[in-house]
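Beneath this line is the structure, given in structure tokens, with notes to follow.
Here, each number is a calculation from the coordinates, and none is a lab measurement. These numbers come from a predicted model, not from an experiment. Heads up, the Cβs are rebuilt from the backbone with ideal geometry, glycines too, and the neighbour counts pull from every protein chain shown.
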Amino acid sequence: MSTWWLWILAALVSGIIEVMSVSFVFLMLAIGALAAGIAAACGANLMVQLIVFIVVSVALLVVLRPFLKGRIERSN
């Protein structure tokens with residue numbers, strides 16, 4: 001069963017929530033879901049998809065989110 005479209009749907013929902021909240025958390029989750037969707041489209045099993053989602057999301061939350069939050073706070 002192909003699950004790539006579920007990941008893309010999760011990314012879209014996370015993106016919509018991010019637009020309303022502007023916390024940069026849901027943006028990182030959306031990017032992680034897109035990465036997992038790409039892995040699913042390439043034929044990865046569900047365990048690999050979950051690992052890709054978790055690793056990409058956590059890495060972005062740790063590395064990119066503080067940078068983006070700092071840029072927003074400096075612009076105010």
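Have a look at V48, V25 and point out the one that is among the β-branched types (V, I, T) and touching a residue at least 24 places away in the same chain (Cβ under 8 Å).
V25
How many of the residues in region 56-76 are closer than 17 Å to I38 by Cβ and touching a residue at least 12 places away in the same chain (Cβ under 8 Å)?
Selection size over region 56-76: 3.
Here is a yes/no grid of residues against (1) within 13 Å of the chain's Cα centre (by Cα); (2) of a type in the set (V, I, T); (3) surrounded by 16 or more Cβ atoms within 10 Å (Cβ to Cβ):
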position: I8; (1), (2), (3): yes, yes, yes
position: S14; (1), (2), (3): yes, no, yes
position: V22; (1), (2), (3): no, yes, no
position: A35; (1), (2), (3): yes, no, yes
position: V52; (1), (2), (3): yes, yes, yes
position: V58; (1), (2), (3): yes, yes, no
position: R65; (1), (2), (3): yes, no, no
position: E73; (1), (2), (3): no, no, no
